[in-house]
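The structure appears below as structure tokens.
The values are calculated or read from the model by the stated rules, or taken from the named source; none is laboratory data. These numbers come from a predicted model, not from an experiment. Here the Cβ positions follow ideal geometry from the backbone for every residue, glycine too, while neighbour counts run over all protein chains shown.
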Amino acid sequence: MTQRIAEESPLTEDLELLFARHTADMHADTPPESIHMMDRGALAREGVRLFVLREAGKPSAMGALKRINAEHAELKSMHVLAESRGRGLSRQILEHLVNAAKAEGYTRLSLETGIQPTFIAARALYERAGFSTCGPFEGYGPDPNSVFMTRALV
């Protein structure tokens, strides 16, 4: 199956399913006050880049980079459709985001994810990619439902 990862507008019509599933997953077991996802409009703002992994032209996964400052970016909106999981797409999109962050000159990449069991696989993916737990970073405060992670980019 032909795969391609490219930067796209979050407002692209055929991304509706990805965003609907991502939103549903975030609201499934996370208290509303602990949901830190960005909606499509927020992802379309300056300083945010959305990348979409397509298989045979259909969107299967996505992830975004949000600029914090000239040296630091945040991973946002990582999601793989449930029917596409288990084939390494999360790793592929994460590797692409890390490489895009390096190419932009960032020296640090951070993220916020959930503490709930549904986020165990995501946390393991981030750990395998060199992320380690840290305290809240810009824009966040302590949250018992959040895990904050970061890594240096070299």
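Among the conditions (1) among the hydroxyl-bearing types (Ser, Thr, Tyr); (2) closer than 19 Å to residue 125 by Cα; (3) surrounded by fewer than 15 Cβ atoms within 10 Å (Cβ to Cβ), residue 60 misses just one, which is (3).
Pairing residues of segment 112-138 that are closer than 18 Å to residue 153 by Cα and without any contact (Cβ under 8 Å) to a residue 40 or more places away in the chain with residues that are of a type outside the set (Val, Ile, Thr) and not in a strand (DSSP E or B), at Cβ distances under 6 Å and at least 6 apart in sequence or on separate chains, gives 125/90; 129/94.
Every residue in segment 3-47 that is of a type in the set (S, T, N, Q), free of Cβ contacts under 8 Å to residues at least 60 places away in the same chain and within 19 Å of residue 90 (Cβ to Cβ), please. If the condition is that a residue be of a type in the set (S, T, N, Q), free of Cβ contacts under 8 Å to residues at least 60 places away in the same chain and within 19 Å of residue 90 (Cβ to Cβ), then 23 is the only one that fits. Those strands (runs of 3 or more DSSP E) of segment 64-154 in which 1 or more residues are under 20 Å from residue 4 (Cβ atoms) occupy 72-80.
The set of residues in segment 62-102 being out of contact with any Ser or Thr (no Cβ under 6 Å at 6 or more places or on another chain) and closer than 17 Å to residue 140 by Cβ consists of 65, 66, 67, 68, 69, 72, 73, 75, 76, 77, 78. Applying the set (1) modelled with pLDDT of 95 or more; (2) among the β-branched types (Val, Ile, Thr); (3) within 26 Å of residue 11 (Cβ to Cβ) to residue 30 leaves exactly one unmet item: (1). Annotation: of all residues in segment 110-122 being out of contact with any Phe, Trp or Tyr (no Cβ under 8 Å at 6 or more places or on another chain) and not polar (S, T, N, Q), the one that is surrounded by the fewest Cβ atoms within 10 Å (Cβ to Cβ) is 117.
Taking segment 12-32 as the range and being surrounded by 13 or more Cβ atoms within 10 Å (Cβ to Cβ) and not in a helix (DSSP H, G or I) as the test, the residues that pass are 12, 30. Of all residues in segment 2-11, exactly one satisfies the criterion of being in contact with a helix residue (DSSP H, G or I) (Cβ under 9 Å, 6 or more places away or on another chain), assigned to a strand (DSSP E or B) and hydrophobic (A, V, I, L, M, F, W, C), namely 5.
So that you can scan it fast, the table gives a plain yes or no per residue for (1) under 17 Å from residue 34 (Cα atoms); (2) surrounded by fewer than 13 Cβ atoms within 10 Å (Cβ to Cβ); (3) touching a strand residue (DSSP E or B) at 6+ places or on another chain (Cβ under 8 Å):
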site: 84; (1), (2), (3): no, no, yes
site: 93; (1), (2), (3): no, no, yes
site: 103; (1), (2), (3): no, yes, no
site: 124; (1), (2), (3): no, yes, no
site: 140; (1), (2), (3): yes, no, yes
site: 144; (1), (2), (3): yes, yes, no
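Put simply, of 101, 152 the only residue that is at pLDDT 95 or above, farther than 25 Å from residue 21 by Cα and under 15 Å from the mean Cα position of the chain (by Cα) is 101.
In the condition set (1) buried (at least 19 other Cβ atoms within 10 Å of the Cβ); (2) more than 11 Å from the chain's Cα centre (by Cα); (3) free of Cβ contacts under 8 Å to residues at least 40 places away in the same chain, residue 66 is compliant with all but (2).
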